[in-house]
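Asker: My questions all concern the structure below.
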Amino acid sequence: MLTVAIKRALPNFALDATFSGDGTIALFGPSGSGKTTVANLIAGLVKPDSGRIAIDGDVLFDSARRIDVPAHKRRVGYVFQEGRLFPHMSVARNLDYGRRMNGLARDDNDHERIVAMLDLGNLLTRRPGKLSGGERQRVAIGRALLSKPRLLVLDEPLASLDAARKAEILPYLERLRAEKLPMIYVSHQPDEVRRIADHVVRLDGGRVAAAGGVELLG
C-alpha cells in the first residue's frame, strides 16, 4: 500500500496531493497538472515542503519526524519518458546497470525471467542507437526491474512513441501489471490508463480532483 500526503510550492501552483492505493496507480491529468512532480516526490528526486510518503508502512518521507530516505535507498525503480539508456553500453550492460548500482548480487533466474517477459533476448548485444523507440523503452523497464524495486514509477513511457510502437509496448505493460508489482503510471491518455491501472488519481492544478477506479475516465 502506497500512502501519499504531500505539499510542494511550484512556480505555477501549490501542489497539495493526498491519496493511497495498491496495485497500479495512474496519475492522470492534463499537462502541467503536477503528475510528474508527484512521481518525482515519491521517488525522492524532489523533496516535498511538507507531508508524508510511505510504502507498506515503511516511511520514505515525513517532514514532522524529519525522515527523508535518499532516492537511491528507496527501492523505487524509475522509467523516464525517453528511457535514458547509456548509448556506449550494450543492452546487456544497460540491463545490468541498475543491479550493480544497487549493490545487488546477480540473480540469473530473475534476469532470465525479465528478459523473457520483455522479449529482450535477441537485443542483448545491440546498443541503444540500433533499437526502435519501443525496444529502448522495454530495455529501460527491464533495467528498472532488475534493480528489484518495491515500487516501479513509469513517467509517460509511451509519450515519445508513435501509434505502432505504443501498440507494440502496451502488452508488455499489461504483463507488468499481472506481475503484481506496485506501480505508479503517469499519463494523460485515457486509453492507456484503462488497460493498465487498478486505481486512478486525477490531478488538476496540483490537487487531487478525484480518486477511484478507471470509471473516472468516463
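A short reminder: the numbers here are calculations on the coordinates, not readings from a lab. Just so you know, these numbers come straight off a predicted model, no measurement behind them. Every residue, glycine among them, receives a Cβ derived from its backbone with ideal geometry; neighbour counts consider all protein chains shown.
Asker: Being surrounded by 13 or more Cβ atoms within 10 Å (Cβ to Cβ) and either farther than 14 Å from R150 by Cα or free of Cβ contacts under 8 Å to residues at least 24 places away in the same chain (or both) is true for just one of G103, G77, G83, G98. Which residue is that?
Answerer: Of G103, G77, G83, G98, the one residue that is surrounded by 13 or more Cβ atoms within 10 Å (Cβ to Cβ) and either farther than 14 Å from R150 by Cα or free of Cβ contacts under 8 Å to residues at least 24 places away in the same chain (or both) is G83.
Asker: Please enumerate the residues belonging to region 61-83 that are within 20 Å of N122 (Cα to Cα) and in contact with a strand residue (DSSP E or B) (Cβ under 9 Å, 6 or more places away or on another chain).
Answerer: If the condition is that a residue be within 20 Å of N122 (Cα to Cα) and in contact with a strand residue (DSSP E or B) (Cβ under 9 Å, 6 or more places away or on another chain), then no residue fits.
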